Structure formats: C-alpha cells, structure tokens
Amino acid sequence: SVFGHRVLNNLYRWRIGVDYELFRFKQEVLADPELEQYGKFSGYGTLFTEFNADTRDNNRFPTRGFRAETRIEYVLPLDQDVFSKIFDNSFIAYLNYEHNITLSKRWVLRPGLFIGGTIPSTANVPYQHSFAFGGLNPKNYISSFVSFTGVSFFQRIGHYALMGKAHVQYNIAGKIYLTGLLDVGTNTLEFDDLFASRSWICGYGGTAGYDSVIGPVELTLFEQEAAPVAH
C-alpha cells in the first residue's frame, strides 16, 4: 500500500493512495469442487480515498463524540487468470457512522448507520470488497465487514448494504456497563432487492462489559429475527 495522508488535531484523517493485494479462495474442507479452480493467488489493484474522524472519549464505552469512516475505491483485477473472468472493475463506496449522545450521568444512546454500494450494479467484486454482516467485533480488519447482533461472522454478504443500529449503554458502577443492542438492516447482491421486505433482518440482545486494564471483557446474549434470503 502506498498513500499520502493529512491528520488534523489527531482527530481527523484524510488519505489517498493505491493498494496491491493478493487474494486466494481456499477451502480447508472441500465443500464445493467447483471452487477448487479459484485456489491460487490473484492480484488486485485498488485506487482509494478515505476520510476518518473519531472524537469519542473512549473507544469501547464512549459517552460522547462520534466516529465516521467514508471510503471510495476503484477495484480492478490485474492477473489474467480465472478470477479476472468472473470479477469486474468497479467503484465501491461506503459510509460507517456512529454517534454517542449522553442522556444522563449513567445513560448513553449510541445510534449508528452503515450504507454502501457498488457501481455498476451488475458488477461482481472480490469477496474482500463486498459488504458482510455478522459477528460482534466493533472493528473488523476489513472495514466493509460490519458487526451485526445475532448474525455469525460473514454470514450475510452482498454488494449493497444498509444498516441502522440503536444501542443504549448504562454504567452500573465504575467500569461496569450494560448495553442493550438493536440492529436492523439488509445487504443484497442486487440493488433492486435492497428495499424488499424479505431481505431485512433484525437482531437484538444485551451485553455486560467491564473496561479492564488489558481491554474490555464482555458477555453478550442475543436473539435473531430474519427473513430468509438466499445469497
């Protein structure tokens, strides 16, 4: 990766650059023989620009401030192999925004929004550039993978995504917190399916957390309600 960036007040960052990546689709257990042909590395190039802002007072149990990440990228396959025949050049853009509103000394409302899309609408993109829902990790290594209560990591994947969340945090005492979780959203392979009622899912639950010196320790219970959609 080669990039240039500008940082302002250690809170805001703008970056522009180019990535080169090697991607390999590997099955530890052979589940689909048709995918064996994709078992070698392929090269991809990405031109990107992104803007990040983080004004939160705490990155795990914040009481005020916001976090925002916007990224626009142009992805193209560079190797003339089997992958280049199924993946297309494409523009991908997304916005991930979280806000923290102090309601009282102990209560904090934490709403959020994620929206992303791929152009052209018929494009097929490498899996690591798709939008995936699932898991409870608030920050994934691949930034277009979004945590979603009640959904397993990488369980829902698509080229278009829309998600809203409303989390309510309560400070019991000291560094002990309870958080109510509600996530609602959809991600689809086709743009026309994005607003179809059958594609929307809702997950909810609760988390008990402790802000320890080695990092947060959490226990989460959740339930998922979903309209079944085949991806």
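The values are calculated or read from the model by the stated rules, or taken from the named source; none is laboratory data. All values reported here derive from a predicted model rather than from experimental measurement. Virtual Cβ from ideal backbone geometry, glycine too; neighbours counted across all protein chains shown. In case anyone asks, the SASA skips ligands and DNA or RNA and just uses the protein heavy atoms, side chains included. Shrake-Rupley method; radii C 1.70, N 1.55, O 1.52, S 1.80 Å.
Listed values, structure above:
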quantity	calculated
Among (1) open to solvent by 10 Å² or more (accessible area, probe 1.4 Å); (2) in contact (Cβ under 8 Å) with a residue 24 or more places away in the chain; (3) under 22 Å from residue 218 (Cβ atoms); (4) polar (S, T, N, Q) - the single one residue 149 does not satisfy	(1)
Residue count, the range 153-164 (criterion: touching a Leu at 6+ places or on another chain (Cβ under 8 Å) and free of Cβ contacts under 8 Å to residues at least 60 places away in the same chain)	5
Matching residues in the range 181-205 - criterion: being open to solvent by 30 Å² or more (accessible area, probe 1.4 Å) and not β-branched (Val, Ile, Thr)	182, 189, 190, 191, 192, 193, 195, 197, 198, 200, 202, 204
Criterion (modelled with pLDDT of 85 or more, on the phi < 0 side of the Ramachandran plot and among the polar types (S, T, N, Q)) met by exactly one of 121, 143, 152	152
Unmet criterion (only one of (1) open to solvent by 80 Å² or more (accessible area, probe 1.4 Å); (2) closer than 21 Å to residue 170 by Cα) for residue 108	(1)
Residue check for residue 206: in contact (Cβ under 8 Å) with a residue 24 or more places away in the chain, in a strand (DSSP E or B) and of a type outside the set (Phe, Trp, Tyr)	yes
Pairs where the first residue, in the range 170-185, is closer than 17 Å to residue 104 by Cβ and the second is open to solvent by less than 60 Å² (accessible area, probe 1.4 Å) and not in a strand (DSSP E or B), C-beta under 7 Å, 6+ apart	177/61
